[in-house]
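Beneath this line is the structure, given in structure tokens, with notes to follow.
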Amino acid sequence: MVEKIQRVAQEIEAAQLSNAAELEQFRIAYIGRKGIISSLFDDLKQVAPEQRRQVGQDLNQLKNLAQARFDQAQEQLVNAADSTAAESAFDFTLPTVPNTLGTRHPLALVRNEINRIFSRIGFNLSEGPEMEDDWHNFTALNFPENHPAREMQDTFFLSQDRDKLLRTHTSTVQVRLMETQKPPLRSIMPGRVYRNEAISARAHMMFHQVEGLFVDKGVSFADLKQTLYFFAKEMFGQDTKIRFRPSFFPFTEPSAEIDISCFICKGEGCNICKQSGWVEIGGSGMVDPNVLENCGIDPQVYSGFAFGMGIERIAMLKYQIKDLRLFTENDVRFLRQFEGVI
Ligand code: DAH
């Protein structure tokens, strides 16, 4: 029996345990219930009683030896598997993944630029709701009831009585400002507006405007002209010229359309300015005394000017974008062209 134990011990020491299959065979042969060591314990009964204690201790040692070899070999195999997995996960020859920056939307770029330019001459920023009522969108702005001027801007109404609507212009925010604050007022109001139009390269049912308002004592058309002249030069270049064309808006008197000299052809005539040398960027005028009065400002004391420009229009001119739909399609090939611009 003693000899047999020694022989098995030698076998255990010498066993090859270099893969999972060998390890499993070893476990079955030596450690398992039907293995050699287990059967040696069974044989213990036949050992003479005076030797039994010693042989029992030897057998226990043998059992521990087998278990220790098994544990050690198993750990080695697991570690080896881990390190090959780690090696294959890292291919150090691959190029790095570039850390690309997102881009600002061209409309946000233009809006931010407009905000910066006007903030330099003392204009602050105001906002108003996109869901509006008849008063703020039309009536307070001197649109007579049932007047065709209301049809100038095809409106999305939100209620049967036509009182709730999606604002058709940012002039609504002028009204809110004058109703809630006292002059002097000097603010620009960018935001989204809606009109019931079929979507095409030149029209959309949703677009952006920026409104401007200046109300104080003694504000004149000369102030309007200089303010917009300053804006045009900052936005489109110092040699930009500006021109006012008589026009009509219910909320301004007199009213004027704002044109700038075409900065593509410098006034020579090209297809952006349709050979005229001038491009339109918005509407403007002196705030109609009726509007001041509707908003609780005394027109005998105060006067003001206002203007409204299309942000898409300015972005299209500045970046020579030919289709309005590009702004809302989220085509990354378009958006990526503005990478790095702030
Ligand atoms: N609200 C006008 C529009 O949507 C634009 C406009 C024209 C705004 C003249 C003004 C203004 O403040 O004075 O077409």
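Read-outs: derived from the displayed coordinates by stated rules, not from any lab. Here the structure is a predicted model, which means the values were calculated and not measured. All Cβ positions, glycine included, derive from the backbone under ideal geometry; neighbour counts span all protein chains shown.
Annotations for the structure displayed:
- Across region 44-135, the convex hull enclosing all Cα atoms gives 385 Å³ per residue.
- Pairs of Lys residues in region 215-284 are counted when their Cα atoms are under 21 angstrom apart and they lie 8 or more places apart or on different chains; the count is 9.
- Ranked list, fewest to most other Cβ atoms within 10 Å of each Cβ, for Thr170, Thr155, Thr84, Thr139: Thr84, Thr139, Thr155, Thr170
- Potential extension, Trp135-His105 segment - 0.36 nm per residue separation minus Cα distance: 7.5 nm
- Lysines with Cα under 23 Å of Lys4, excluding same-chain neighbours fewer than 8 positions away: Lys34, Lys45, Lys63
- Whole-percent pair-distance distribution, where bins are 10 Å wide, for the alpha carbons of region 2-89: 15, 42, 24, 12, 5, 2, 0
- Rounded if a/c under 1.5, otherwise prolate or oblate - region 173-250, Cα gyration tensor axes: oblate
- Most tightly packed first, judged by the mean number of other beta-carbon atoms within 10 Å of their residues, the peptides 16-28, 114-126 read 114-126, 16-28.
- Cleavage-rule hits (trypsin sites (Lys or Arg not before Pro)) in region 174-221: DSSP loop, at most 16 neighbouring Cβ within 10 angstrom: Arg202, Lys217
- Annotation: for a label point projected 7 angstrom from Cα along Cα→Cβ of Asp331, residues of region 198-226 with backbone N closer than 17 Å are 199-204.
- Two-site FRET efficiency, Gln67 against Phe90, from Cβ-Cβ distance with R₀ of 41 Å, rounded to 0.05: 0.70
- Each listed q (0.10, 0.16, 0.21 Å⁻¹) maps to a log10 I(q)/I(0) for region 100-236, found by the Debye formula over equal Cα scatterers with no solvent: -0.40, -0.97, -1.34.
- Cα-Cα separations in region 106-338 greater than 33 Å, expressed as whole percent: 15 percent
- On the basis of the beta-carbon distance and an R0 of 45 Å, Ser39 and Val97 show a calculated FRET efficiency of 0.15.
- Extending 7 Å from Cα along the Cβ direction at Asn79 and again at Arg243 yields two label points whose distance is 8.5 nm.
- For the chain, with +1 on Lys and Arg beta carbons and -1 on Asp and Glu, the positive-most of Ser88, Ile5, His208 along the dipole: Ser88
- For Leu94, Leu326, the sequence from fewest to most other C-beta atoms within 10 Å is Leu94, Leu326.
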